[in-house]
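Novice: One structure follows; several queries about it will come next.
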Amino acid sequence: MSNTPATFRTAMSAPKFTLLCNLHNCRAKLSGFAWVTACSHAFCDQHGSEEFSRTPAICPACSSMLSGKLDVLRTELAPSEQYKAMVLVGLRPETVLEISHKALDFWTYQVNQERLLMEYSLSRAGGQVLQMEKFMIQQNQSKELELNALRGEIASLKKVLEEYKRKYSEVLERLNEQNRQYQKLQGLLDSLRMHTLGTREKDPISHSFTTGLVKPRSPHSSPSFLGSEGDRFFSLGPENNKTFFQFSTPTRDRTQTFIKKN
Ligand SMILES: [Zn+2]
Ligand SMILES: [Zn+2]
């Protein structure tokens, strides 16, 4: 084989390479005794004795029929010095080389198989990493989109809130305006009432109705809207709105009180 010297060097420069059981779900590091086949496969002692006890023997790695007497061999991976000293003794140099050649071919095949398997695993892992990265990028993009949608929602809700605040202050302003008008009317009503009382007591045409301002004739006749009720109408807040609505028909109540008093 023309590529033997190169692969031989590769095998020599990788002294840590150890044969692994070629059964794909075992892959145990081989030591002690191992089973080797004519199809260049190797198995641990346990799997070799299991697989090759049947007849006909079939290689569990490549399904080759191993019917020959020397197609499967149980071999000692680290033979004794004595064995090494004697096993090839007496053979012709070309036979020794041929045996070595075959043994090295077997080793080269195993190293290459292992390299291919590692390359395959590596490319598969690389593919998985790429797929994961792609998935992560997609996830990030979709999260980013979700986040942007939420940001948009927050912004529009803020706008709505601002609009509500504006409307609220408008309504509050209108309410205050109505309070002021109510107070003015209340003042007029009070002055009218006092004027009526005054004219009944004294002169019926000596006072003006138009100003709404009344000169106090006695401590009891001062306008009641300048008292605690008036303060309530001026101040803002939900409590006072309620107060306002409670007085939604104040004129009638006041009139009734007025009538009852007379
Ligand atoms: Zn095994
Ligand atoms: Zn095989």
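Novice: If I ask for residues that are among the basic types (Lys, Arg) and over 17 Å from the mean Cα position of the chain (by Cα), which ones from the range 129-176 would you list?
Specialist: Those that are among the basic types (Lys, Arg) and over 17 Å from the mean Cα position of the chain (by Cα): Lys158, Lys159, Lys165, Arg166, Lys167, Arg174.
Novice: While we're here: Of all residues being within 13 Å of ligand 2 (Cβ to nearest atom), of a type in the set (Gly, Ala, Ser) and out of contact with any Asp or Glu (no Cβ under 9 Å at 6 or more places or on another chain) in the range 23-66, which is nearest to Tyr109 (Cα to Cα)? Just the residue, please.
Specialist: Once the filter is applied, the top-ranked residue is Ala42.
Novice: Take the conditions open to solvent by less than 60 Å² (accessible area, probe 1.4 Å) and of a type in the set (Phe, Trp, Tyr) and apply them to Phe106. Does it pass?
Specialist: Considered against the rule, which asks whether it is open to solvent by less than 60 Å² (accessible area, probe 1.4 Å) and of a type in the set (Phe, Trp, Tyr), Phe106 comes out as yes.
Novice: Need pairs with beta-carbon distance below 7 Å; first residue closer than 13 Å to Ala78 by Cβ and within the range 23-46, second of a type outside the set (Gly, Ala, Ser) and within 12 Å of ligand 2 (Cβ to nearest atom); sequence gap 6+ or separate chains.
Specialist: Close Cβ pairs satisfying both conditions: Ala34/Phe43.
Novice: Here is a check on your reading of the model: is Glu94 loosely packed, with under 11 Cβ neighbours inside 10 Å and in a helix (DSSP H, G or I)?
Specialist: yes
Per-residue answers, yes or no, for (1) in contact (Cβ under 8 Å) with a residue 60 or more places away in the chain; (2) open to solvent by less than 100 Å² (accessible area, probe 1.4 Å):
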| site | (1), (2) |
| --- | --- |
| Gln110 | yes, yes |
| Glu114 | yes, yes |
| Leu122 | no, no |
| Val129 | no, yes |
| Lys134 | no, no |
| Ala149 | no, yes |
| Ile154 | no, yes |
| Arg193 | yes, yes |
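Novice: Sticking with this one: Within the range 55-72, which residues are within 16 Å of ligand 1 (Cβ to nearest atom) and over 16 Å from Cys26 (Cβ atoms)? First the steps, then the outcome.
Specialist: Initial filter on the range 55-72 (within 16 Å of ligand 1 (Cβ to nearest atom)): 57-62, 72.
Correct list: Ala57, Ile58, Val72.
The values are calculated or read from the model by the stated rules, or taken from the named source; none is laboratory data. Values in this document were obtained by computation on a predicted structure and should not be read as measured data. Counting neighbours? That spans all protein chains shown, and the Cβs are built from the backbone with ideal geometry, glycine included. Side chains are part of the model used for accessible areas, which takes the heavy atoms of the whole protein and leaves out ligands, DNA and RNA. Shrake-Rupley method; radii C 1.70, N 1.55, O 1.52, S 1.80 Å.
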